[in-house]
Amino acid sequence: MANYNAYGEVAVHETLAANVSDNVQINFAEDTELTVVNRTGTAEIYFMVTPGVQPPGTPPVVGDERCRVLPAAMDALSEPISSGPYVISLISASIQAYSVEGI
């Protein structure tokens, strides 16, 4: 598992290892849109958004019903988000480049 802290940054651009979850912490200064991008697009990326600075008690797994899913395509999902800190936890069955952005 990798942890990335993006406080003071606009985005995190990283690569998931197969079947290993990443946690991205971002503190949004104002209400904005959270966008998660599957940059590789050869496998699905599952992700969950947790308010606060702690990752979920149980990390996500591939196929997790608690997660949103980005399809196996170069694609993105956006959703409105309130200001404050959040942890975005991501996982995929294969190596996938991703971005987590506040736009």
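In the stretch 76-103, the residues that are under 17 Å from PRO60 (Cβ atoms) reach residues that are acidic (Asp, Glu) and exposed (fewer than 15 other Cβ atoms within 10 Å of the Cβ) with C-beta atoms within less than 9 angstrom, at least six apart or across chains, in these pairs: GLU79/GLU33. For the stretch 62-87, the set of residues classified as modelled with pLDDT under 95 and either among the β-branched types (Val, Ile, Thr) or in contact with a helix residue (DSSP H, G or I) (Cβ under 8 Å, 6 or more places away or on another chain) (or both) consists of ILE81, VAL87, listed by residue number. Restrict the check to the stretch 54-68 and report whether at least one residue is among the acidic types (Asp, Glu) and surrounded by 17 or more Cβ atoms within 10 Å (Cβ to Cβ). So far as the stretch 54-68 goes, yes, one or more of its residues are among the acidic types (Asp, Glu) and surrounded by 17 or more Cβ atoms within 10 Å (Cβ to Cβ). Here ALA73, ALA18, ALA43 are screened, and the one residue that is surrounded by fewer than 16 Cβ atoms within 10 Å (Cβ to Cβ), part of a loop (DSSP other than H, G, I, E, B) and in contact with a Ser or Thr (Cβ under 6 Å, 6 or more places away or on another chain) is ALA18.
The values are calculated or read from the model by the stated rules, or taken from the named source; none is laboratory data. The structure displayed is predicted, hence computed values, not measured ones. Backbone-built Cβ (ideal geometry, glycine too); neighbour counts: all protein chains shown.
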